[in-house]
Amino acid sequence: MTAASPATTPAAPAAISWQAADGSAQQAAWRSERGVAPPRRVQLADDTLPADTAYRLACEGTALLWQGDFQNARHLLQALARRADRPPPQRKQRSAQHPQAGSAAVFPEAFHRHRMAQAQRARTLGAVLIPFEPGWQIPLRRAPEVAQACTEAWGPLTEGRAVVSLRELLGAVSAHEWRRNGVVIPALARLAPGGAKADPSSGRIHTHYGVFSPVRGEYVDLVARAPWPGGKAPQRAFDIGTGTGVLAALLARRGAGQVIATDLDPRALACAAENFTRLGVADHVDLQPANLFPDGSAGPAEVVVCNPPWLPGRPSSPLEHAVYDEGSRMLLGFLNGLAAHLAPGGEGWLILSDLAEHLGLRSRTELLDAIDRAGLRVLGRLDARPSHPKAADRDDPLHAARSKEVTSLWRLGVAPADGGPA
């Protein structure tokens, strides 16, 4: 999914301090993608530290600056994760009933407990820290070469030395592999340029660090099969909050004459631009930094697509801006501005999961009321059931809600001024 996240100017890196083995005071730049403040208590740690002791220290808020073998640091992180994921006794007793949890009123509480548990897990696992020397070099035994991954994620290391949590480092390395290999989007591959035979390499999206990957393929398929307004490809279409650019590229390959894709996140804009070039649609897509809609000089569009974050809530990290829409600001901003940007007879395609409804975070009535207040009406809806692993995972704390989830493409048009038929 995509999000028009607010653009930010990077602040000067904070500093982390600790005492070396010889007693000398040490300091380095502190890097945290999640915006976590430098830990106040830092203890040196190496291969001799037992996992149980490390877990206790991490839970108490003590950070562990690793001095031993790098691969052993990874093993320690895995051991901490197993301890963090160990359910408490009372949860084990409820587990048989949990997948069939009763009324919808249970879900908001369960969801908030789940988020709190995830936040605590992130704090605990973020306690294992890795030192860096200039050039993003790790001064530890058996340390991998990560300079390219770190530079892609955070830019050059200009402060000399730095410290990063091992968990965030592994995230940067994983993002580098996603960016290098790409993810095949079947709907894009089926629409290879020039009527060519479907080719997976022609439908790959390469996701940059900090940009949400289009792994939920059902929403892409909905855009691929939604009927054009009036039965013909639009001369102009907008993709609001383009992210990786996957939906803008799909609109272009489906035959839209001009596609204008917007986003505010610099990482998303760079990612989308690269994907448009790779997919051969750069000449048909105009990429603009904008908060939701392009400026008025673009004129109206026959199709306006928006895939806002699906859950109302406050993001706890930059990547979560693609999942959580605080105050439903992007959703409401799209709905309230849509009528002014639609050409006569045009449609807005709102892509939204109903997971928020099953979690008790937003009702269907609230959504329909927002559509009505924006001067819009529902022309139709296409639905798809998700196929991601969590939808079938009965051990997931939110399984009772996820098992009912439906992703929809809402076809919206401008409501007639007199309330009568269009």
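None of the figures in this text is laboratory data; all of them are computed from the coordinates on show. From a predicted model like this one, the values you see are computed outputs, not experimental measurements. With ideal geometry, Cβ positions are generated from the backbone for all residues, glycine too; neighbour counts draw on all protein chains shown.
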Under the Karplus relation with 6.51, -1.76 and 1.60 and θ = phi - 60°, whole-Hz ³J(HN,Hα) for the stretch 371-382, x at Gly and Pro, equal 5, 5, 5, 7, x, 10, 9, 8, 8, x, 8, 10
Within the set Glu159, Glu33, Glu218, GNM on the chain using Cα springs under 10 Å gives the largest fluctuation to Glu159
Along the Cα→Cβ direction, 7 angstrom out, place labels at Ala79 and Ser24. What is the inter-label distance in nm?
3.0
Rounding to the nearest 10 and keeping the result within 0 to 90°, find how far the Cα-based axis of helix 70-84 lies from the longest principal axis of the chain.
70
Given a 10 angstrom Cα cut-off, can you work out which residue in Gln43, Gln288, Gln26 is the most mobile in a GNM of the chain?
Gln26
Residue separation times 0.36 nm, minus the C-alpha to C-alpha distance between Asp372 and Glu133: what's the value?
80.4 nm
Taking only Cα atoms and a 10 Å spring cutoff, compute GNM fluctuations for the chain and point out the largest among Gly135, Gly231, Gly61.
Gly231
Taking alpha-carbon centroids only, the stretch 37-74 lies from the stretch 125-177 a number of Å equal to 17
Calculate, in nm to one decimal, what Ala143 and Arg113 gain on full extension: separation in residues at 0.36 nm each, minus their alpha carbon distance.
7.1 nm
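If contacts are Cα pairs under 8 angstrom and at least 6 residues apart, what is the relative contact order of the stretch 14-178 in percent? The partial results should precede the final answer.
Working: 212 pairs, mean separation 42.1, N = 165.
In percent, rounded to a whole number, it is 26.
How big is D, in µm² s⁻¹, for the stretch 182-414 by Stokes-Einstein at 4 °C and 1.567 mPa s if Rh is the Kirkwood radius over C-alpha pairs? It would help to have the intermediate numbers written out before the result.
Values: Rh = 17.9 Å.
D, rounded to a whole number, is 73 µm²/s.
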Can you list the residues, at least 5 places off or on another chain, whose amide H is less than 5 Å from the amide H of Ala343, using H built in the peptide plane?
Ala301, Glu302
Mean shadow area (nm²) of the C-alpha convex hull around the stretch 229-292 is 3.8
Please give the calculated 222 nm ellipticity per residue for the chain, where each DSSP H segment of at least 4 residues contributes -39500 (n - 2.57) and the sum is spread over every residue; nearest 500 deg cm²/dmol?
-10000 deg cm²/dmol
Label-point separation in nm, Lys232 to Asp52, each point 7 Å along Cα→Cβ:
7.5
